[in-house]
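One structure is given below, encoded as structure tokens.
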Amino acid sequence: MVKYYKTDNGQLSLLEGPASPGMWIKMTNPTRTEARVLADSLAVDFADIYAAQDHDESSRIELQDGYTLILVDIPVQETRQESTYYTTIPLGIILTQDLIITVCSTETPILDYFEKNLAREFSTKKKLRFVYQILFRSAMQYQACLRVIDRTRTEIEERIDKETKESDLIALHQLESNLVYFATSLGANKNVIDRLTRYKRLKQYPEDQELLDDVIVENNQAIEMTGIYRDIINGTRELMSTVIDNRLNNVMKILTSVTLVMAIPTIISGLYGMNVNPDSMPLAYHPFGFGIICLITTVVCIVIMWILHRKKML
């Protein structure tokens, strides 16, 4: 899908096309035909327009004849098997002499924010400022996703004392995987931003430098948050594994103690159940022999249980 936008007097308008100077062309999951037509009309390489469709593309800046390609990774939310996942996908930004093109494989809140004209001082004619604003919204979106991830981790941690399930361990692993994607993408985006600080090809406005500084600060903060949350999740997972192991050890200790206590009557009854001369068995002819033996067995079991309790094994 291809949409054409242009700002006039602070108002964003949706146009029918074709492309004209000062326009923002928003491409969402474009077909190869749409990408080919736009590439031919703007003298842009088809591979550069279609690069954002490949989820394995890395963040980078490429200076081409007549235009510049900027690829950054942005966070997206996915639902698989009734579970929420976070991952990153490429967002392509192409700056020509007269207009700006964004290409993404799916709808994203980052671009929706500009499509709804919610950004301050937003203008499709100020291309480099628009790029900085996109990067700023991307960093803020990363932080919002990171906070959701941390809240999910907190909910899992609160259940450790009550009931820990295997699904919680799997959920922690998924959260950690999300953070790995975030850390890799944020690091690559940082390299792109560092290159933009030295970028002199397009006209910059005085307030653009302040906006770029904000982008650097927010991106670095997202990187720090990712590192901190990864460490916390590692600690939570180790705590959960320790709790599960401790519970298993307690169960095994109880079972071992019960086995030891139950072995006493088993041994005694086994001895008296042997096919031997009853003359050699104590209390064999006593009228209360069976009761006495049961009483002795019970006393021995109680003594063993008392000893195990003193040793904190029962």
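Scanning region 244-268 for residues being open to solvent by less than 70 Å² (accessible area, probe 1.4 Å), farther than 30 Å from D168 by Cβ and either touching a Cys at 6+ places or on another chain (Cβ under 8 Å) or free of Cβ contacts under 8 Å to residues at least 12 places away in the same chain (or both) gives a total of 4.
Note on region 121-153: residues that are farther than 20 Å from L91 by Cα and out of contact with any helix residue (DSSP H, G or I) (no Cβ under 9 Å at 6 or more places or on another chain) amount to 2. Can you spot a residue in region 225-238 that is assigned to a loop (DSSP other than H, G, I, E, B), touching a residue at least 60 places away in the same chain (Cβ under 8 Å), open to solvent by less than 80 Å² (accessible area, probe 1.4 Å) and touching a Lys or Arg at 6+ places or on another chain (Cβ under 8 Å)? Within region 225-238, none of the residues are assigned to a loop (DSSP other than H, G, I, E, B), touching a residue at least 60 places away in the same chain (Cβ under 8 Å), open to solvent by less than 80 Å² (accessible area, probe 1.4 Å) and touching a Lys or Arg at 6+ places or on another chain (Cβ under 8 Å). Restricting M240, M274 to those that are in contact with a Ser or Thr (Cβ under 9 Å, 6 or more places away or on another chain), more than 30 Å from D194 (Cα to Cα) and among the aliphatic types (A, V, I, L, M) reduces the list to M240.
Restricting region 92-113 to residues that are outside any strand (DSSP E or B) and without any contact (Cβ under 8 Å) to a residue 60 or more places away in the chain, which is surrounded by the most Cβ atoms within 10 Å (Cβ to Cβ)? Among them, the one singled out is I110. The residue that is nearest to I70 (Cα to Cα), counting only those in region 115-128 that are outside any loop (DSSP other than H, G, I, E, B) and open to solvent by 10 Å² or more (accessible area, probe 1.4 Å), is K127.
Scoring Y199 on the criteria (1) surrounded by 15 or more Cβ atoms within 10 Å (Cβ to Cβ); (2) in a helix (DSSP H, G or I) leaves a single failure, condition (2).
The values are calculated or read from the model by the stated rules, or taken from the named source; none is laboratory data. Treat the numbers as computed from the prediction; the structure is a model and nothing was measured. Glycine gets a Cβ as well: all are built from the backbone with ideal geometry, and neighbour counts include every protein chain shown. Side chains included, ligands, DNA and RNA excluded: accessible areas come from the protein's heavy atoms. Shrake-Rupley method; radii C 1.70, N 1.55, O 1.52, S 1.80 Å.
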